[in-house]
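Enquirer: Dropping the structure in here first, questions after.
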Amino acid sequence: MATQQQFDTVLKNGRVVDPTNNIDGQFDLGIRHGKIASVAETIAPERADDIIDVSGQIVMPGHIDTHAHLSSPFNSNVDRAYGHAMLVESGTTTALDLAGDPTSMVQGMIKRGAGLNVASLMGLVPHSTIPEDDPRPSTLRDAIADVKKRGGYGVKMLGGYHPFTPESSADVVAAANEQMAWVAFHVGTKDSGSDMTGLREVPEITGKGRLHVAHINSYTRGMIDQPHEEVQEALGMIERMRSQWITEAYLAQANGTNGKCDENGDVIYNVAQNCLKARGYPTTDEGVKASLMDGYGSALIERGGRVIAVTGKEAVDIWEAASTDASLSYPVNPPTSAFSLATAKYDDGTFRVDAISTDGGSLPRNVAIERTMALVAFGALSMDEAVIKLSYTPSRLMGLLNKGHFSEGADADVTIVNPGTGKASMSLVAGEMIMLNGRAIGKGGTWLVLDEGKQAAEATGLPYQVINLENSKLYANWN
Ligand SMILES: [Zn+2]
């Protein structure tokens, strides 16, 4: 008689949902050497070194967040590395830092990591992370090659904060595509804003290339037309660019921005200006102050190892102490836009917006899992579809072929969700528990790098995985 395989951990009696393998039902999940070893109706207790009873809980492939914030290209008044624990506590197992800087991200992961798998992008900031205002193609090529060497997945344009001309934005896409680096765009150029006017420019900026258009919901806040009209226009554009764009949207009402004002007292960043305009506040320091005092806006502050949002006088004090260069948040995302973008499909049943992200991490709005579960409770998504938007499709976007499903040999990254609250109650990465009952218990993390970043990853002493973006949906059929 053959000896039966032994498991390191068995998650027992959960409702296992794995659409890739057509699994939805009560099963035991056996984990061995950090990989999925078996999904079976029952695994005998003597075959498990450790049994975790997850009766009544949903067991899904780990949440992969394609838009998170774990580092910053700015001098942020809060340490974005707190986002590791915050993401983990909401049930996320893998994140794309959007963006950021790979070197400071990994320093943050060493110091405050909580067990996540993380890929990192560098934010393109003129005179800071790149030398020129509208950089030449050769400057961009060098910057992108350098990012990959430092362990980054690629770059992000921060159009709502540091816009380029449309021409330079197109150069960024082309330079990144040429090196098969990740390229994400918070839309907006010197000719447009972080709204529908910015999104309308993106097909031309994309050209024949490939692009991650970040947080589609942020351009459908009703700044130009009614939110539902903007959503329809955005969805039409996504359809036309279907083979070239990848997209995500988040479900939190609160956004994240920065309250920095210039020496005349005018609000500098377009996103912050829009937040104030949306409620009729002047786009000045007085406007910011009033919006915080009224409780419309909030300021972010570190407390007890997490980042929280506070309002009123306390918020004004934080903003003033940072000489106005403080992280702020406004409830500007209309629920109708969030709902439509999360659920819209093509005729063939696939989703128009690829993934549900948090746009959180260090921003306290890591609600992707619980809001997606609310859509399931509401009947707007099936449980299978929730897993597709939270895990399977994000895994395809990021080229993580070994994640997003429970096939034998897949990475044992698991998110366990309480169906009553819709919140994650436990999660594992590579078979190790990183969160239990809403508390992060993991340390460090696994760095997801491209081939060029291998040496940088090795030098950190952290575990790492080398990812080939040829396997990413971003570069599907690219040659
Ligand atoms: Zn973001």
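Enquirer: Taking θ as phi - 60°, what are the ³J(HN,Hα) couplings along region 105-115 by the Karplus curve (6.51, -1.76, 1.60), each to the nearest whole Hz, with x for Gly and Pro?
Expert: Each residue of region 105-115 in turn: 4, 6, 4, x, 5, 5, 7, 10, x, 10, x Hz.
Enquirer: Let me have the 222 nm mean residue ellipticity of the chain computed from DSSP H runs of 4+ only, each contributing -39500 (n - 2.57), with the sum over all residues rounded to the nearest 500. Could you put the intermediate results ahead of the total?
Expert: Values: 14 runs with 135 residues, N = 479.
Value at 222 nm, helices only: -8000 deg cm²/dmol.
Enquirer: Semi-axes of the equivalent ellipsoid for the chain, please: Cα gyration tensor eigenvalues, times 5, square-rooted, ordered largest first, whole Å. Show your work: numbers first, answer last.
Expert: Values: eigenvalues 253, 116, 99 Å².
In descending order the semi-axes read 36, 24, 22 Å.
Enquirer: How much of the DSSP beta bridge set in region 1-160 is antiparallel, as a percent to the nearest 5? Could the numbers behind the result be given before it?
Expert: Details: 13 of 33 bridges.
Restricted to region 1-160, the bridges split so that about 40 percent are antiparallel.
Enquirer: How much FRET efficiency would the formula 1/(1 + (r/R0)^6) give for Q232 and S407, where r is the Cβ-Cβ distance and R0 is 60 Å, rounded to 0.05? Mind showing how you got there, number by number?
Expert: Values: r = 37 Å, r/R0 = 0.62.
With R0 = 60 Å, the Cβ-Cβ based efficiency is 0.95.
Enquirer: Working with all protein chains in place, sort M426, M180 by solvent-accessible area computed with a 1.4 Å probe, largest first. Working shown, then result.
Expert: On the way: M426 20, M180 45 Å².
Descending order: M180, M426.
Enquirer: As an exercise, identify the chymotrypsin sites (Phe, Trp or Tyr not before Pro) in region 257-347 lying in DSSP coil whose Cβ has no more than 15 other Cβ atoms within 10 Å.
Expert: Answer by residue number: Y346.
Enquirer: In addition: Within region 175-193, which residues have the backbone N less than 14 Å from the label spot 7 Å out from E167 along Cα→beta-carbon, could you tell me?
Expert: Within reach of a label on E167, which here means backbone N under 14 Å from a point 7 Å along Cα→Cβ, region 175-193 contributes 190-191.
Enquirer: Another question, then. Can you tell me the length gained on complete extension of the stretch T42 to Y346, counting 0.36 nm per residue apart and subtracting the Cα distance? Please report the intermediate quantities before stating the final value.
Expert: Values: separation 304, 0.36 × 304 = 109.44 nm, distance 3.79 nm.
This chain segment gains 105.6 nm when fully extended.
Enquirer: Shifting gears a bit: Residues of region 325-365 with backbone nitrogen within less than 19 Å of a virtual label 7 Å along the Cα-to-Cβ line of Q107, please, listed as ranges.
Expert: 362
Enquirer: Moving on. Does region 406-479 come out rounded, prolate or oblate, given a ≥ b ≥ c as the square roots of the eigenvalues of its C-alpha gyration tensor, rounded meaning a/c under 1.5 and, failing that, prolate meaning a/b above b/c?
Expert: Numbers: a/c = 2.74, a/b = 1.51, b/c = 1.81.
Judged from the Cα gyration tensor, region 406-479 comes out oblate (a/c at least 1.5, b/c at or above a/b).
Enquirer: State, to one decimal in nm, how far the label point of V310 lies from the label point of D134, with both points 7 Å from Cα in the Cβ direction.
Expert: Rounded to a tenth, the inter-label distance reads 4.3 nm.
Enquirer: Turning to a different aspect of this structure: How many angstrom separate the Cα center of region 181-203 from the Cα center of region 288-316?
Expert: Centre-to-centre distance over Cα atoms comes out at 29 Å.
Enquirer: Ok, one more. Sticking with the crude label model, points 7 Å out along Cα→Cβ, report the distance from T336 to D294 in nm, one decimal please.
Expert: It works out to 2.1 nm between the two label points.
Enquirer: Which of the GluC sites (Glu not before Pro) across region 131-195 are loop residues per DSSP, with 14 or fewer other Cβ within 10 Å?
Expert: Numbers: sites: E132, E167, E178; in loops: E132.
For GluC sites (Glu not before Pro) across region 131-195 that sit outside H, G, I, E and B with at most 14 neighbouring Cβ atoms in 10 Å, the list reads E132.
Enquirer: Expressed as a whole percentage, what fraction of the accessible surface of region 180-287 belongs to carbon and sulfur atoms when a 1.4 Å probe is rolled over the protein heavy atoms?
Expert: Numbers: 1740 of 4070 Å².
Ligands and nucleic acids excluded, carbon and sulfur give 43 percent.
Enquirer: To continue, here is another question. Taking the solvent-accessible surface of protein heavy atoms with a 1.4 Å probe, what is the per residue accessible area of the chain in Å²? List each step's numbers first, then the result.
Expert: Details: 18020 Å² over 479 residues.
With all protein chains present, the chain gives 38 Å² per residue.
Enquirer: Tell me, what is the percent relative contact order of the chain, built from C-alpha pairs under 8 Å that lie six or more residues apart?
Expert: Values: 1220 pairs, mean separation 102.0, N = 479.
Relative contact order for the chain comes out at 21 percent.
Enquirer: Follow-up. For the chain, build the charge dipole from Cβ charges (+1 Lys, Arg; -1 Asp, Glu) around the Cα centre, then report which of A214, I246, A309 sits farthest towards its positive end.
Expert: My answer, from the dipole projection, is A309.
Enquirer: Looking at the square roots a ≥ b ≥ c of the eigenvalues of the Cα gyration tensor of region 389-431, which shape do they give, rounded for a/c under 1.5, prolate if a/b is larger than b/c, or oblate?
Expert: Details: a/c = 2.70, a/b = 1.57, b/c = 1.73.
Since a/c reaches 1.5 but b/c is at least a/b, the shape of region 389-431 is classed as oblate.
Enquirer: Taking Rh as the Kirkwood radius computed over C-alpha pairs, what is the Stokes-Einstein D of region 194-340 at 20 °C in a medium of viscosity 1.002 mPa s, expressed in µm² per second?
Expert: On the way: Rh = 16.3 Å.
D = 132 µm²/s.
Enquirer: Identify the residues of region 145-165 with backbone N under 18 Å of a label point that sits 7 angstrom from the Cα of E458 along the Cα-to-Cβ direction, or state none.
Expert: It comes to 148-152, nothing else.
Enquirer: Can I ask one more? Just the number, please: carbon plus sulfur as a percent of the accessible area of region 397-468, 1.4 Å probe, no ligands or DNA/RNA counted. Mind dumping the intermediate values first?
Expert: Values: 1450 of 3030 Å².
In region 397-468, the share of accessible area belonging to carbon and sulfur is 48 percent.
Enquirer: Next question. Suppose every Lys and Arg Cβ carries +1 and every Asp and Glu Cβ carries -1, with no other charges. What dipole size does the chain come out with about its Cα centre, to the nearest 20 debye? Kindly include the intermediate steps, with their values, before the conclusion.
Expert: Numbers: 40 positive and 58 negative charges, 110 e Å.
With only Lys, Arg, Asp and Glu charged at Cβ, the dipole is about 520 debye.
Enquirer: Sticking with this one: Using a 1.4 Å probe, how large is the accessible area of K156, given in Å² and rounded to the nearest 10?
Expert: 10 Å²
Enquirer: Dipole of the chain (Lys/Arg Cβ +1, Asp/Glu Cβ -1, origin at the Cα centre): which of V267, L328, I434 lies farthest to the positive side?
Expert: Among V267, L328, I434, the one farthest towards the positive end of the dipole of the chain is I434.
Enquirer: Count neighbours as other Cβ atoms within 10 Å of each site's Cβ, and list the GluC sites (Glu not before Pro) in region 402-479 that are DSSP loop with at most 14 such neighbours. Write down the numbers at each step before the final one.
Expert: Details: sites: E408, E432, E452, E458, E470; in loops: E408.
Listed in order of number, the matching sites are E408.
Enquirer: Per 5 Å bin from zero, what fraction in whole % of the C-alpha pairs of region 279-379 is there, up to the bin with the longest pair?
Expert: Calculated over all Cα pairs of region 279-379, the distribution is 2, 11, 17, 18, 14, 13, 11, 8, 4, 2, 0 percent.
Enquirer: Give me the net charge of A424's neighbourhood, meaning all other residues with Cβ under 11 Å from the Cβ of A424; Lys, Arg count +1, Asp, Glu -1. Intermediate results must be reported in sequence, preceding the final value.
Expert: Values: positive: K423; negative: E89, E370.
For residues surrounding A424, the net value is -1.
The values are calculated or read from the model by the stated rules, or taken from the named source; none is laboratory data. Small disclaimer: the values here were computed from a predicted structure and weren't measured. Cβ sites come from the backbone with ideal geometry, for glycine too, and all protein chains shown count toward neighbours. Ligands, DNA and RNA are excluded from the accessible area calculation, which covers all protein heavy atoms including side chains. Shrake-Rupley method; radii C 1.70, N 1.55, O 1.52, S 1.80 Å.
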